[in-house]
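Student: Here it is, the structure in full.
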Amino acid sequence: MNSLLSFGHGYSARALERVLNGWQVVGTNRSGDGALQWPGTDMRPFLDKADYLLISTAPGPAGDPVLAQLGEEIAARANRLHWVGYLSTTGVYGDHDGGWVTEDSPREPSTERGKLRVIAEDQWLGLWRETGLPVHIFRLAGIYGPGRGPFDKVKNGTARRIVKPGQVFSRIHVEDIAQVLVASIQHPNPGAAYNVCDDDPAPPEDVIAEAARLLGLPVPPAEDFASASMSPMARSFYGESKRVSNARIKDGLGVELKYPDYRSGLLAMTDDAT
């Protein structure tokens, strides 16, 4: 039986678990809610049994916490692990003023979150170069799916259509994240990085409008970004605009997206949202 050890077993990792039929999956999180509590549990026995590793933990000031605490243990098992996946973010590319980026584009993040992800990516890729650990990097766009999307805010009247001319974001449905990871597991290419996003980078206000249309509710009024009242965190998300290419997951992994744009993804979620 194949065995996956998943650090930071959250929304995306659980979507992968749902499609790994017949696998043994052991997940960790900080609370121990539905998973092993880590830090706090001796992970060496679980590393001994694992064939595959998935890392979804957020980086800290020193980079990836899994490597900080378990790097030597993982390196010692480099020859027996079949695949290691690190979930990063398209935020590593920074702002491109709406232009396209590929996996070969410079990583020039403008946010602290993105800078920490670059550090963590380099740590994992460094371990691949040093030990042959079969590391794969997945740069995820904005994640949505069941239980995570615009419908609740549209229904309760808190959704906002903030309009910043030229602003676009790339997105990915959580089920498509899972199928990209499965495709990589089936076709490993250590050292590779993959953008994980759909085909349709779009302005955020269009997504809110589509959600309202599907629910049969009024479209929230447009608000100008320059004068809109927003928290510093919310405003920071508008500091980067880019279109992310997903050609590599198609050409390199043979992935055919289940939800190639936000319209098809939201439509599939409508029944649960109404």
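Student: Between residue 258 and residue 224, 0.36 nm times their residue separation minus their Cα-Cα distance comes to what?
Tutor: 8.9 nm
Student: Hey, can you grab everything whose amide H is under 5 Å from the amide H of residue 27? Only 5+ residues off in sequence or another chain; H modelled, so Pro and N-termini drop out.
Tutor: 6, 36
Student: If you average 1/r over every pair of different alpha-carbon atoms in the chain and take one over that average, what Kirkwood value in Å do you get?
Tutor: Details: mean 1/r = 0.0510 Å⁻¹.
Taking the inverse mean of 1/r over all distinct Cα pairs, the chain comes out at 19.6 Å.
Student: From the helices alone, meaning DSSP H stretches of at least four residues, give me the mean residue ellipticity at 222 nm for the chain, per-run term -39500 (n - 2.57), in deg cm²/dmol to the nearest 500.
Tutor: On the way: 10 runs with 100 residues, N = 274.
Roughly -10500 deg cm²/dmol at 222 nm, from the helical runs in the chain.
Student: Right, next: Taking the simple approach of a point 7 Å from Cα along Cα-to-Cβ for both residue 42 and residue 267, what is their distance in nm?
Tutor: In this crude label model, residue 42 to residue 267 measures out at 5.4 nm.
Student: Here's something else I'd like to know. How big is the C-alpha Rg of segment 184-274 next to the rule-of-thumb value 2.2 N^0.38 Å, as a ratio?
Tutor: In units of the globular-protein estimate, segment 184-274 measures up at 1.39.
Student: Starting from the Cα of residue 68, step 7 Å along the direction of its Cβ; do the same at residue 215; then give the gap between the two resulting points in nm.
Tutor: 3.8
Student: Could I ask something else about it? Given bins 5 angstrom wide, list per bin the percent of all Cα-Cα distances in segment 75-129, short to long.
Tutor: Pair shares across the bins are 4, 17, 25, 21, 13, 10, 6, 3, 1.
Student: Let's test the formula: R0 of 22 Å, r as the Cβ-Cβ distance of residue 187 and residue 51. What FRET efficiency results, to the nearest 0.05?
Tutor: According to the calculation, E is roughly 0.90.
Student: Could you work out Rg/(2.2 N^0.38 Å) for segment 92-191, with Rg from alpha carbons only?
Tutor: On the way: Rg = 16.8 Å, N = 100, 2.2 N^0.38 = 12.7 Å.
That works out to 1.33 for segment 92-191.
Student: To the nearest 10 square angstrom, how much accessible area does residue 153 have with a 1.4 angstrom probe?
Tutor: Its heavy atoms expose roughly 120 Å² to the probe.
Student: Report the Cα centroid-to-centroid distance between segment 120-191 and segment 18-96 in angstrom, as an integer.
Tutor: If we compute the Cα centre of each part, the gap is 16 Å.
Student: Let me ask something else about it. By its C-alpha gyration tensor, with a ≥ b ≥ c as the square roots of the eigenvalues, how is segment 20-90 shaped: rounded for a/c under 1.5, else prolate for a/b larger than b/c, else oblate?
Tutor: Taking the square roots of the gyration eigenvalues as a ≥ b ≥ c, segment 20-90 is rounded.
Student: Could you calculate the FRET efficiency of residue 156 with residue 130 from 1/(1 + (r/R0)^6), where r is the beta carbon distance between them and R0 is 41 Å, rounded to 0.05?
Tutor: The computed FRET efficiency comes out at 0.25.
Student: Follow-up. Can you list residues whose amide H is under 5 Å from residue 105's amide H, if they're 5+ apart or on another chain and H is modeled 1.01 Å from N?
Tutor: Under 5 Å from the amide H of residue 105: no residue qualifies.
Student: Separate question: Just for segment 30-164, what percent of DSSP beta bridges are antiparallel, to the closest 5?
Tutor: Beta bridges within segment 30-164, antiparallel portion: roughly 15 percent.
Student: Hey, another quick one. Describe numerically, in nm with one decimal, the distance between label points set 7 Å from Cα along Cα→Cβ at residue 97 and at residue 148.
Tutor: Inter-label distance under the simple model: 3.2 nm.
Student: Here's a follow-up. Where a Cα-Cα gap under 21 Å defines reach, which lysines qualify for residue 115, not counting those fewer than 8 residues away within the same chain?
Tutor: Of all the lysines, those that pass the test against residue 115 - Cα under 21 Å, at least 8 places apart if same chain - are 242.
Student: Which listed residue (114, 68, 158) has the Cα farthest towards the positive end of the charge dipole for the chain, taking +1 on Lys and Arg C-beta and -1 on Asp and Glu C-beta about the Cα centre?
Tutor: With unit charges placed on the Cβ atoms, the residue in question is 158.
Student: Moving on. Run down the lysines and flag those whose C-alpha is under 19 Å from the C-alpha of residue 258, throwing out any fewer than 8 positions away in its chain.
Tutor: 250
Student: Could you list the residues of segment 69-101 with an amide nitrogen less than 16 Å from a label point located 7 Å from the Cα of residue 58 in the Cα-to-C-beta direction?
Tutor: In segment 69-101, the label zone of residue 58 (backbone N under 16 Å from the point 7 Å along Cα→Cβ) covers 87-92.
The values are calculated or read from the model by the stated rules, or taken from the named source; none is laboratory data. In this text the structure is predicted, and so the values were computed from the model without any measurement. Quick reminder, even Gly has a Cβ in these numbers, built from the backbone with ideal geometry, and neighbours come from all protein chains shown. What goes into the accessible areas is simple: the full protein's heavy atoms, side chains included, and nothing from ligands, DNA or RNA. Shrake-Rupley method; radii C 1.70, N 1.55, O 1.52, S 1.80 Å.
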